[in-house]
Amino acid sequence: MRRALALCALAAALLAGAAAAAPSPSDLEAELVCPVCGTTLDQSDAPVAQRMKRYIRERLAAGATEAQIKAELVDQFGPGVLAEPPKSGFDLLAWLVPFAVLVAGAVGVGVVAWAWSRRRGEADTGPPAELDPELERRVDAELRRFES
Amino acid sequence: MTGRVQRVGQAIALAGVATLLGLLVWKVAFDNEEGAADKLAKGELVYAPAFSLDRLDRDGTLSLASLRGKPLVVNFWASWCGPCKDEAPVLQQTYERYRNQGLVVLGVDVKDFREDARRFMRRYGITYPVVYDGKGSTIGRWGIQGYPETFFVDRSGKLVGERIAGAVDIERNREAFERGIALALGDQS
């Protein structure tokens with residue numbers, strides 16, 4: 001009996017996991033672009049967008065995966081229907097370049113900060129500037145007057 | 001050392017600014033290519049932009065170059081487009097009426113599902129050649145702004161008449177449609 005319960009619990013957990021992993025139409029609609037108006041499907045009421053939404057629902061009902069549906073739509077309309085560029089080939093640059101710029105910027109800021117702190121350090125360790133004799137005489141006179 | 005770092009930093013910054021400026025100039029100068037429709041509207045001599053696309057009415061591909069020497073009515077459409085349904089019978093009748101004079105009606109199905117397009121063709125009894133441009137590769141060079149749009153091409157490959165935006169053969173463009181066909185056929189009258 002315990003074994004049967006454990007099996008039922010395991011099956012329920014697996015089913016729940018599978019249900020959670022299955023894409024919803026709205027997920028896909030946010031990741032695909034209307035080829036006529038250029039906005040994501042969830043933001044578009046253009047006739048072609050409505051047709052694509054219907055296609056997504058039909059394919060999901062038929063058991064197609066997210067990747068399959070995307071591939072089928074790319075085959076029909078080209079890679080422009082993907083809201084995010086693919087992470088392969090030339091399009092990979094769209095993902096890598098922002099990070100490369102970020103890293104380059106961080107390195108640049110680091111180098112400038114290092115050079116700046118070094119210059120300040122050099123300035124601090126230098127010999128003190130000599131006081132103008134006239135100014136020194138006037139300061140001494142003022143101090144004497146203040147103390148008296 | 002710090003002076004050198006500063007100079008390198010300045011050089012990098014200048015190079016970045018120069019690159020961005022170059023991209024801006026390139027974008028303004030070269031990325032605003034006019035479509036054939038715009039040139040036609042200005043009265044410029046313009047040849048029909050070439051394409052080679054898969055056929056929907058049968059297997060294989062069809063290139064515009066293979067139709068050189070024939071007068072053409074080139075119609076850009078999609079199955080999801082309402083006015084395309086209105087004009088489909090007119091285009092089919094035009095094809096049947098002028099076919100013996102060599103006129104070819106050529107459909108270009110744009111941004112559509114192949115199966116939807118084939119269903120559309122069966123429903124409206126379309127027998128003229130239709131090619132499939134799901135990615136919309138022809139749009140920019142032809143200057144397509146909406147669906148449907150129709151162009152007329154004479155035997156030398158030049159665009160003639162005027163571009164018809166919207167369904168053909170309704171009150172507002174019947175005359176332009178008939179004149180376009182006449183010009184494509186080489187009838188100057």
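Every read-out reported here was derived from the displayed coordinates using simple, explicitly stated rules and does not represent laboratory data. Keep in mind that what you see is a predicted model, and the values were worked out from it rather than measured. Quick reminder, even Gly has a Cβ in these numbers, built from the backbone with ideal geometry, and neighbours come from all protein chains shown.
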**OP:** With only Lys, Arg, Asp and Glu charged, each at its Cβ (+1 for the first two, -1 for the last two), find how big the charge dipole of the protein assembly as shown is about the Cα centre; round to the nearest 20 debye.
**Re:** 960 debye
**OP:** Would you tell me the mean number of C-beta atoms belonging to other protein chains that fall within 10 Å of each C-beta in B:60-70, as a whole number?
**Re:** 0
**OP:** Would you pull out the residues with amide H under 5 Å of B:VAL108's amide H, same chain only if 5 or more places away, H placed 1.01 Å from N?
**Re:** B:ASN75, B:PHE76, B:TRP77, B:VAL131
Original post:
Amide H to amide H under 5 Å from B:ASP57: which residues, 5+ apart in sequence or cross-chain, H placed 1.01 Å off N in plane?
Top reply: B:VAL130
Subject >> Residue of B:SER52, B:SER137, B:SER66 that the Gaussian network model of chain B assigns the largest fluctuation, springs spanning Cα pairs under 10 Å >> reply: B:SER66
Original post:
Given the options B:ARG55, B:ARG172, B:ARG141, which has the most mean-square fluctuation in a GNM of chain B, springs set between C-alpha atoms less than 10 angstrom apart?
Top reply: B:ARG172
Subject >> Using θ = phi - 60° and Karplus 6.51 cos²θ - 1.76 cosθ + 1.60, couplings along segment B:69-86 (whole Hz; Gly, Pro as x) >> reply: x, 10, x, 10, 10, 9, 10, 8, 8, 8, 5, 7, 8, x, x, 5, 5, 5
Original post:
Can you put B:VAL90, A:VAL139 in order, fewest other beta carbons within 10 Å first?
Top reply: A:VAL139, B:VAL90
Subject >> Relative exposure of B:TRP77, A:TRP116, B:TRP26, judged by other C-beta atoms within 10 Å (fewest first) >> reply: B:TRP26, A:TRP116, B:TRP77
**OP:** Work out the charge dipole of the protein assembly as shown with +1 on the Cβ of Lys and Arg and -1 on the Cβ of Asp and Glu about the Cα centre, then indicate which of A:LEU96, B:GLN145, B:SER79 is farthest towards its positive end.
**Re:** B:SER79
Original post:
Which value in nm describes the separation of the simple spin-label points at B:LEU23 and A:VAL111, placed 7 Å from the Cα toward the beta carbon?
Top reply: 2.0 nm
Original post:
Using the alpha-carbon centroid of each, what span in Å lies between segment B:65-114 and segment A:91-106?
Top reply: 47 Å
Original post:
What residue among B:PHE152, B:PHE120, B:PHE76 shows peak mean-square fluctuation when chain B is described by a Gaussian network model with Cα springs under 10 Å?
Top reply: B:PHE120
Original post:
Between A:ARG120 and B:ARG174, how many nm apart are label points set 7 Å from Cα along the C-beta direction?
Top reply: 8.4 nm
Original post:
Which whole-Hz couplings ³J(HN,Hα) result when phi for each residue of segment B:114-120 is put into the Karplus expression 6.51 cos²θ - 1.76 cosθ + 1.60, θ = phi - 60°, listed in order with x for Gly and Pro?
Top reply: 4, 5, 4, 5, 5, 4, 4
